[in-house]
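Student: Next up is a structure, given as structure tokens.
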Amino acid sequence: MAGQANWLELDGKVAVVTGGAGGIGSAIIRRLAHAGAVPVALDRDEERLAALKSEMAAEGHEVLPVQCDLADEKAIETAAAEMRQQVGPADILVNNAGLAKPGRLMSLPLEDWHALLAVNLDSYFLCARAFGAHMVEKGRGAMVHIASVAAHNPRVVGGAYSVSKAGVLMLSSQLAGDLGASGVRSNVVSPGLFMTPMSVANYENDPTIRERREAMIPLGRIGETQEVADAVLFFASDRSSYMTGQFLVVDGGMSQGILTLLP
Ligand SMILES: NC(=O)c1ccc[n+]([C@@H]2O[C@H](COP(=O)([O-])OP(=O)(O)OC[C@H]3O[C@@H](n4cnc5c(N)ncnc54)[C@H](O)[C@@H]3O)[C@@H](O)[C@H]2O)c1
């Protein structure tokens, strides 16, 4: 781990991760802490934030947990100001919070559409604005936004999920253009299939699902959350200093398999 920490040169960088108490978010927080960064976890789930803090303390690492409803613009502004007071301005933002509200578009309640976009897209914009201001002031920074393979491929039963994730791709590209001259980069990581609190019900409801899904993935398995975190740390660090407006797909090759489904 020490070699990796040197390679990434993230020592002392203040790194904000939204949805930091969740499956992928907590893996990113852990990787950041191991690399010497100062991780800040923004999440609405107080219990999971507290559990993360004590688990990390037992591993000899620290995290600053900040309870925040990311669907609330004021709450995000307050969290950004409080966090700045405690640990200083953000060097890194990982927009990762997300939720799913499955359904077919023709019968999707507008309420579900709005609730999903509020977290999966609006909060990404609001956090980019709030924490991006710290970075512009410093003249440098890195934003990494978590999209999904669903950003590149529609899923008919996914409600507004693919729409929100496709929006994340364009938000990131637009930020890259807007903030490049200020030394701030913006990139996307698109995960494939991972076992997290968000997705676990899919697997529990049907014991054959895992095997059937793994058969669609060239690497033959569901991913490990730290495999998303590793791609995030690359974009968060200066090892990607000449990359902005780009995306990495972390899916074991799943999205390359569409033609193998042809009859
Ligand atoms: N799990 C997968 O297979 C998968 C695949 C592709 C993309 N993703 C994306 O990865 C990201 C992380 O998802 P995950 O799988 O770790 O899910 P998760 O449910 O484990 O984590 C999501 C976190 O977001 C937080 N959150 C949701 N709404 C919030 C709000 N209003 N305010 C504050 N926090 C809020 C939750 O409390 C939770 O801790 C999401 O953007 C998701 O869309 C996940």
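Student: Checking the condition of a type outside the set (Phe, Trp, Tyr), more than 15 Å from the ligand (Cβ to nearest atom) and assigned to a helix (DSSP H, G or I), which residue from Ala81, Ala27, Ala15 passes?
Tutor: Numbers: Ala27 fails: more than 15 Å from the ligand (Cβ to nearest atom); Ala15 fails: assigned to a helix (DSSP H, G or I).
Every option except Ala81 fails the conditions.
Student: Would you call Ala50 assigned to a loop (DSSP other than H, G, I, E, B) and either at pLDDT below 95 or not charged (D, E, K, R) (or both)? Walk me through how you get there before you give the answer.
Tutor: Working: assigned to a loop (DSSP other than H, G, I, E, B): no; either at pLDDT below 95 or not charged (D, E, K, R) (or both): yes.
No.
Student: Looking only at residues that are surrounded by fewer than 24 Cβ atoms within 10 Å (Cβ to Cβ) and closer than 30 Å to Ser241 by Cβ in segment 38-62, which one is farthest from the ligand (Cβ to nearest atom)?
Tutor: Gly60
Student: Show me the helices (runs of 4 or more DSSP H) found entirely inside segment 146-263 where at least 3 residues are within 25 Å of Val14 (Cα to Cα) and out of contact with any Leu (no Cβ under 7 Å at 6 or more places or on another chain). Don't jump to the end; show me each part of the working.
Tutor: Details: elements: 161-179, 200-205, 209-214, 225-236.
Output list reads 161-179, 225-236.
Student: Same structure again: Being among the β-branched types (Val, Ile, Thr) and within 16 Å of the ligand (Cβ to nearest atom) is the filter; apply it to segment 134-175 and report the residue that is nearest to the chain's Cα centre (by Cα). So that I can check it myself, show each step before the final result.
Tutor: Of all residues in segment 134-175, those among the β-branched types (Val, Ile, Thr) come to 136, 144, 146, 149, 156-157, 163, 168.
Subset that is within 16 Å of the ligand (Cβ to nearest atom): 144, 146, 149, 157, 163, 168.
Numbers: Val144: 7, Ile146: 4, Val149: 13, Val157: 22, Val163: 16, Val168: 11 Å.
So the residue we want is Ile146.
Student: Give me the pairs: first residue in segment 196-211 and of a type in the set (A, V, I, L, M), second residue surrounded by 15 or more Cβ atoms within 10 Å (Cβ to Cβ) and modelled with pLDDT under 95, beta-carbon distance under 7 Å, and six or more apart or on different chains, which are they?
Tutor: Ile209/Asn202; Ile209/Tyr203
Student: Still on this structure: With respect to Gly245, determine if the residue is within 15 Å of the ligand (Cβ to nearest atom), on the phi > 0 side of the Ramachandran plot and not aliphatic (A, V, I, L, M). Break it down stepwise before answering.
Tutor: Details: within 15 Å of the ligand (Cβ to nearest atom): no; on the phi > 0 side of the Ramachandran plot: yes; not aliphatic (A, V, I, L, M): yes.
Against the criterion (within 15 Å of the ligand (Cβ to nearest atom), on the phi > 0 side of the Ramachandran plot and not aliphatic (A, V, I, L, M)), Gly245 does not qualify.
Student: Is it true that Ala160 is out of contact with any helix residue (DSSP H, G or I) (no Cβ under 6 Å at 6 or more places or on another chain) and of a type in the set (A, V, I, L, M, F, W, C)? Spell out how you get there, then give the answer.
Tutor: Details: out of contact with any helix residue (DSSP H, G or I) (no Cβ under 6 Å at 6 or more places or on another chain): no; of a type in the set (A, V, I, L, M, F, W, C): yes.
So Ala160 fails the test.
Student: What single numbered condition from (1) assigned to a helix (DSSP H, G or I); (2) away from the ligand (no atom under 14 Å from the Cβ); (3) hydrophobic (A, V, I, L, M, F, W, C) fails to hold for Leu117?
Tutor: For Leu117, the exception is condition (2).
The values are calculated or read from the model by the stated rules, or taken from the named source; none is laboratory data. Not measured: the values here are computed from a predicted model. Counting neighbours? That spans all protein chains shown, and the Cβs are built from the backbone with ideal geometry, glycine included.
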